Amino acid sequence: MSESQETKKLYLLDAFALIYRAYFAFNKKPLINSKGMNVSAIQGFTSTLHDLIRNEKPTHIAVVFDSPGPTNRAVEHPFYKANRQEMPEDLRASLPYIMAIVDGFNIPRLQMSGFEADDIVGTIAKKAEKDGFDVYMVTPDKDYGQLVSDKVFMYKPAHLRNPVDILTVDKVLKKWDVARIDQVIDMLGLMGDASDNIPGIKGVGEKTAAKLLKEFDSIENLLENTHLLKGKLKEK
């Protein structure tokens, strides 16, 4: 196969999702170096990056970081992620080293004021898809499921005893018990997301949300037909 015919594989790493995951994987027994520094996040993130490059052989790759200041979403909705605790100091101290390691691999670091990594990854993924890339969003964050397509995949790196998991359209639909990818957005809207402090509808969990979407197809159609509901669910 000539270079021009080679499949272009773009891997976009959600930096903080992977950094936090690595840090807390060693929560009970942190990795401490000879200077007394907690290097759990550094070691875990670097191992993930190295394994990905060695095993998947990306043709293109970037590591995407959240904006250091308030995001546009948080400004518009003050409740968004208002329940999040401050980053642990020993994790914060690891960030310059992780960024230096990414630079050492000669991999672009992407960041944009006012935007989260999710926003940047989603925008680039959809553009790259149109440009003929197979795109792998490297993250354990379930929210990325709404972006999956025939050319865009969720790549969940190996973690603890779990192997690499690549989520395709079929896998996402099965996971959420929905008929179309865009219904993942409705699913998350109905059930909410405690990790991001998104309220959803109180008392409506994953099973009830899936049932409502099977019956009404979308939140918009559900709101137009709430008269068809009964009892407590109608009140909610």
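The values are calculated or read from the model by the stated rules, or taken from the named source; none is laboratory data. Fair warning: this is a prediction, and the values are worked out from it, not measured in the lab. Virtual Cβ from ideal backbone geometry, glycine too; neighbours counted across all protein chains shown. Protein only, heavy atoms only, side chains kept; ligands, DNA and RNA dropped before computing areas. Shrake-Rupley method; radii C 1.70, N 1.55, O 1.52, S 1.80 Å.
If you check D165 against the conditions, is it open to solvent by 10 Å² or more (accessible area, probe 1.4 Å), under 27 Å from F26 (Cα atoms) and at pLDDT 95 or above?
Taking the combined requirement at face value, the residue satisfies it.
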Cβ pairs under 7 Å, 6+ apart or interchain, first in the range 111-124 and among the β-branched types (V, I, T), second open to solvent by 100 Å² or more (accessible area, probe 1.4 Å) and modelled with pLDDT under 95, ordered by first then second residue, are I120/M112
How many residues of the range 127-136 are open to solvent by 60 Å² or more (accessible area, probe 1.4 Å) and either within 12 Å of the chain's Cα centre (by Cα) or not acidic (D, E) (or both)? The answer is 2
For the range 192-236 the number of residues that are assigned to a helix (DSSP H, G or I), in contact (Cβ under 8 Å) with a residue 24 or more places away in the chain and of a type in the set (S, T, N, Q) is 1
In the set I120, I124, the lone residue that is open to solvent by 30 Å² or more (accessible area, probe 1.4 Å) and not in a loop (DSSP other than H, G, I, E, B) is I124
Among Y155, Y144, the single one that is buried (at least 20 other Cβ atoms within 10 Å of the Cβ), within 15 Å of the chain's Cα centre (by Cα), touching a residue at least 40 places away in the same chain (Cβ under 8 Å) and assigned to a helix (DSSP H, G or I) is Y144
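Could you tell me whether A41 is at pLDDT 95 or above and either in contact with a Ser or Thr (Cβ under 7 Å, 6 or more places away or on another chain) or among the acidic types (D, E) (or both)?
The answer is yes for A41.
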task = Tell me, please, whether a residue that is modelled with pLDDT under 90 and out of contact with any helix residue (DSSP H, G or I) (no Cβ under 7 Å at 6 or more places or on another chain) can be found in the range 203-216.
result = yes
With the first residue restricted to the range 15-34 and required to be among the charged types (D, E, K, R), and the second required to be open to solvent by 40 Å² or more (accessible area, probe 1.4 Å), Cβ contacts under 7 Å at 6 or more apart or on different chains are R21/P140; R21/H159
